[in-house]
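Colleague: Below you will find the structure I want to go over with you.
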Amino acid sequence: MKKMKFPMLVCAAVLSVAFFASCKKSKEAVAPPPPTVEGYWAGNYGLGNNNPDLFYSFLFRSNGTVRVYSGNADTAKAVKAEGSYTLQNNMVKTTYKTGADISYSTSATLNAAFNAMEGNWKDDQLGLNKGGFSVAKK
């Protein structure tokens, strides 16, 4: 009987060491996800050198597409445009077309918190319509 207890105790000790060693938590730091602009952003744009006072918003999607609303805070009544965007470091660039097939582009700089951006817009056909804008993440 004593011969049987010793191997059982050794076996139990080995199993408990293995169990506690396998439950050791990793102390590796998990990197935060990269900043993103996905979501709804709203603010204003201006014509030429005028202060931005006309409604302007962006719906940035995870697949790199963007919907732009302008002229009315009620998105059902606003002018809508579809396009794409790129994000590189703290710069966001968009290109989009309205239903009238007029092409526009924007270039903006994000703040450090990635919750507001300011930049410029322009029409890509004539280059006559242009101005500044600022939007914040909602």
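Colleague: If you take the residues in the range 66-84 that are hydroxyl-bearing (Ser, Thr, Tyr) and in a strand (DSSP E or B), which one is nearest to Thr36 (Cα to Cα)?
Modeller: Selected residue: Ser84.
Colleague: Here's a follow-up. Residue check: is Gly131 over 23 Å from the mean Cα position of the chain (by Cα), over 19 Å from Leu59 (Cβ atoms), in a strand (DSSP E or B) and among the small types (Gly, Ala, Ser)?
Modeller: Yes: the conditions hold for Gly131.
Colleague: Checking Phe60 against (1) in contact with a Ser or Thr (Cβ under 9 Å, 6 or more places away or on another chain); (2) touching a residue at least 60 places away in the same chain (Cβ under 8 Å), which test does it fail?
Modeller: The single condition Phe60 does not satisfy is (2).
Colleague: Being closer than 22 Å to Gly127 by Cα, surrounded by 14 or more Cβ atoms within 10 Å (Cβ to Cβ) and modelled with pLDDT under 95, is that true of even one residue in the range 52-65? Step through it out loud before you land on a result.
Modeller: The initial filter retains those residues of the range 52-65 that are closer than 22 Å to Gly127 by Cα, namely 52-58.
Then drop every residue that is not surrounded by 14 or more Cβ atoms within 10 Å (Cβ to Cβ), which leaves 52, 54-58.
Checking which are modelled with pLDDT under 95 leaves us with 52.
Among the residues of the range 52-65, at least one is closer than 22 Å to Gly127 by Cα, surrounded by 14 or more Cβ atoms within 10 Å (Cβ to Cβ) and modelled with pLDDT under 95, which makes the answer yes.
Colleague: Only residues that are hydrophobic (A, V, I, L, M, F, W, C), assigned to a loop (DSSP other than H, G, I, E, B) and either surrounded by 14 or more Cβ atoms within 10 Å (Cβ to Cβ) or modelled with pLDDT of 95 or more (or both): list them for the range 85-111, please. Reasoning before the result, please.
Modeller: Keep residues of the range 85-111 that are hydrophobic (A, V, I, L, M, F, W, C), which gives 87, 91-92, 100, 102, 108, 110.
Those left that are additionally assigned to a loop (DSSP other than H, G, I, E, B): 100, 102.
Matches in the range 85-111: Ile102 only.
Colleague: Output the qualifying pairs, or none if there are none: Cβ atoms under 9 angstrom, residues six or more apart or on different chains, first residue in the range 26-44 and touching a residue at least 12 places away in the same chain (Cβ under 8 Å) and more than 19 Å from Tyr56 (Cα to Cα), second residue surrounded by 14 or more Cβ atoms within 10 Å (Cβ to Cβ) and not aliphatic (A, V, I, L, M).
Modeller: What qualifies is Pro35/Phe114; Thr36/Phe60; Thr36/Phe114.
The values are calculated or read from the model by the stated rules, or taken from the named source; none is laboratory data. These numbers come from a predicted model, not from an experiment. As a convention, Cβ positions derive from the backbone with ideal geometry for all residues, glycine included, and neighbour counts pool all protein chains shown.
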